[in-house]
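Inspection log for the structure reproduced underneath, given as C-alpha cells.
We did not get these values from a lab; they are worked out from the coordinates using the rules stated. Remember, predicted model here, so these are calculated numbers, not experimental data. Here the Cβ is made from the backbone with ideal geometry for all residues, glycine too, and neighbour counts use every protein chain on show.
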Amino acid sequence: MTFAPATLHLLCGKIASGKSTLAAELSAAPGCVVISEDQWLAALYKEEMQSVADYVRYAAKLRKAMTPHLVALLNAGVSVVLDFP
C-alpha cells in the first residue's frame, strides 16, 4: 500500500512570534494535523507545572511519549505541524 508523502512542520520561536497562527494556516491543508505542546502540557500537567524546571521536565516526558505516535502519523501519510515554543 502506498501513502501520499507527509510533511513535518516544526515551528519553534519566541512567545507571540506567530507560531500558532502559522500552525493554524498550515494545518488547514487536507491530511494535516497540528500538535500544540502548550495544549498537551496544560491538559496533562497543568497543576504540576509551577516552575521553569517543571516545564522542562514535563515537556521532555511529553516529547518522549509522543514521538512514536508522530512517526506513525507521518508514516501513514498524515502531515503534522508541531507547534512548540
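How far apart, in nm, are two points set 7 Å out from the Cα along the Cα-to-Cβ line at K64 and at E48?
Modelled inter-label distance: 1.1 nm.
How large are Rg and Dmax for the chain when only the alpha carbon atoms are used, in Å?
13.9, 47
Rounding to the nearest 20 debye, state how big the charge dipole of the chain is about its Cα centre with +1 on each Lys and Arg Cβ and -1 on each Asp and Glu Cβ. Show your work: numbers first, answer last.
On the way: 7 positive and 7 negative charges, 41 e Å.
Dipole of the chain, to the nearest 20 debye: 200 debye.
Let me know the longest stretch in the chain that avoids all trypsin sites (Lys or Arg not before Pro) found in a DSSP loop with at most 14 other C-beta atoms within 10 Å.
Working: sites that count: K14, K46.
No qualifying site falls inside 47-85, the longest such stretch.
To test your reading of the geometry: what angle, between 0 and 90 degrees and rounded to tens, separates the Cα axis of helix 52-75 from the longest principal axis of the chain?
10
Return the aspartates and glutamates within reach of K64: Cα separation strictly under 17 angstrom, same-chain partners fewer than 8 residues apart disregarded; answer none if there are no such residues.
The reachable aspartates and glutamates, counting only those whose Cα sits under 17 Å from K64, are E37, D38, D54, D83.
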